[in-house]
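Engineer: My questions will all concern the structure given below.
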Amino acid sequence: MLPYLSERFGNPSGAHAVSRQARTAVEDARDVMARALGADSGEVVFTAGGTEAINLAITGSLAARPGTVVCSAVEHAAVLESCRPHPHRLVGVDPQGVVDLEALACCLDDEVALVSIMLANNEVGTVQRLSDVVAVVRRRAPRAFVHTDAVQAFPWLDVAALAADCDLVSISAHKFGGPKGVGALVARSGASLRPVLRGGSQERGRRAGTHNVAGIVGMAAAASVTAETREATVARVGQLRHRLVEGLLSGVEGARETVGRASKVAGNCHMTFRGAESEALLVLLDEAGVCASAGSACASGALEPSHVLRAIGLPEEEAGSALRLSLGYCTGDDDVDAALAVVPKAVSALRS
Ligand code: PLP
């Protein structure tokens, strides 16, 4: 990224030599992202993060083809809030957070222009069976486009394969080691979109504004490393997560895993500790150097139980004792050791 913040600080939309260097960097990055996402280069739209990609997918496609939008009850706020101004229907999930396909089928008809179902959940980690979702949509609402929020999925799952049937796919660089404030939307050639940000004709008229060249270059570098190392990372982090969860289940009485490990991404550890209130637990963990969360990072500080825990049917008092410990590609054995030393003590301090 550094050259694009210094000697190659050109605007890729310009015509002179420094601009051309920047444009080449953006187009090379587009090719890398297209490969990592199983798309053609022309289908990749660079955005300022996951939220903007999702807004463009939902608001932009409904502006081009108005209609009802259907999404799951466990979507990220970026999806829920983008759907809210339009006629919308919410589909429930089972206790593992998996979309109820029969309920989905009941929500679908000719009015539906868009269905948005996330690939991996940001709180409890549940992975959706997207190909089943798409099959139901194609059968029951043939005119609908399918969007998937793959923001949490990309570090752990082969998004290119799993979202191959989706018309629109959103990702965000900071979930896989890239910089914050840059993301991408795959908009397959058949998916009509109106721009949400209006102005210049960048990104083939789909997203106005000067490109964040360094951010885009950084995202592409992170995406190619992630795709190359994903299998090994998933195996290694999956083992660490297993040790963490087993250690907490055996070390803390009344601890419970929210969603089974078989149904979710490798880096997610989401548990409840009956009798220990989440916000108080987070304070103790923070003091002890463990950075954790209860709901989503965007909703931190919210006193209400998260909409995701509500949707999977967790009783209120259990949802109030939720803790999310996220593991990533740089998490090691010592991090798990630290968490196992700190969390049981913090829970018992709160209970007593
Ligand atoms: N979707 C999901 C599932 C997320 O977890 C996030 C961020 O946490 C977003 C969307 C929003 O992405 P960004 O933070 O890049 O705007």
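Engineer: Give all pairs with beta carbons closer than 6 Å in which a residue from region 185-210 that is within 22 Å of Met118 (Cβ to Cβ) meets a residue that is open to solvent by 70 Å² or more (accessible area, probe 1.4 Å) and among the aliphatic types (A, V, I, L, M); count only pairs at least 6 apart in sequence or on separate chains.
Structural biologist: Listed pairs, sorted by first residue: Arg207/Leu197.
Engineer: Restricted to region 31-55, and to residues that are within 11 Å of Val186 (Cβ to Cβ) and assigned to a helix (DSSP H, G or I), which residue is nearest to the ligand (Cβ to nearest atom)?
Structural biologist: The extreme case among them is Ala53.
Engineer: Output the residue which, of all residues in region 326-352 that are in a loop (DSSP other than H, G, I, E, B) and small (Gly, Ala, Ser), is farthest from Lys175 (Cα to Cα).
Structural biologist: Here the residue is Ser352.
Engineer: Of the residues that sit in region 272-297 and are hydroxyl-bearing (Ser, Thr, Tyr) and touching a strand residue (DSSP E or B) at 6+ places or on another chain (Cβ under 7 Å), which one is modelled with the highest pLDDT?
Structural biologist: Across region 272-297, the extreme among qualifying residues is Thr272.
Engineer: Ok, one more. Taking region 206-263, which residues are hydrophobic (A, V, I, L, M, F, W, C) and under 30 Å from Ser6 (Cα atoms)?
Structural biologist: Across region 206-263, the qualifying residues are Ala208, Val213, Ala214, Ile216, Val217, Met219, Ala220, Ala221, Ala222, Ala223, Val225, Ala227.
Engineer: In the list Val74, Val91, which residue meets the criterion of being within 16 Å of the ligand (Cβ to nearest atom) and among the hydrophobic types (A, V, I, L, M, F, W, C)?
Structural biologist: Only one candidate qualifies: Val74.
Engineer: Another question, if that's okay. In region 178-234, what count of residues is obtained for those that are surrounded by fewer than 18 Cβ atoms within 10 Å (Cβ to Cβ) and of a type in the set (Gly, Ala, Ser)?
Structural biologist: Number satisfying all stated conditions: 13.
Engineer: Please tell me if Glu81 is within 14 Å of the ligand (Cβ to nearest atom), free of Cβ contacts under 8 Å to residues at least 24 places away in the same chain and not aliphatic (A, V, I, L, M).
Structural biologist: The answer is yes for Glu81.
Engineer: Being open to solvent by 30 Å² or more (accessible area, probe 1.4 Å), free of Cβ contacts under 8 Å to residues at least 60 places away in the same chain and over 19 Å from Ile58 (Cα atoms) is the filter; apply it to region 120-164 and report the residue that is nearest to the ligand (Cβ to nearest atom).
Structural biologist: Filtering first and then ranking leaves Leu162.
The values are calculated or read from the model by the stated rules, or taken from the named source; none is laboratory data. All values reported here derive from a predicted model rather than from experimental measurement. All Cβ positions, even for glycine, are placed from backbone atoms using ideal geometry, and neighbour counts span all protein chains on display. For the accessible areas, the whole protein counts, side chains as well, though only heavy atoms, and no ligand, DNA or RNA atoms are used. Shrake-Rupley method; radii C 1.70, N 1.55, O 1.52, S 1.80 Å.
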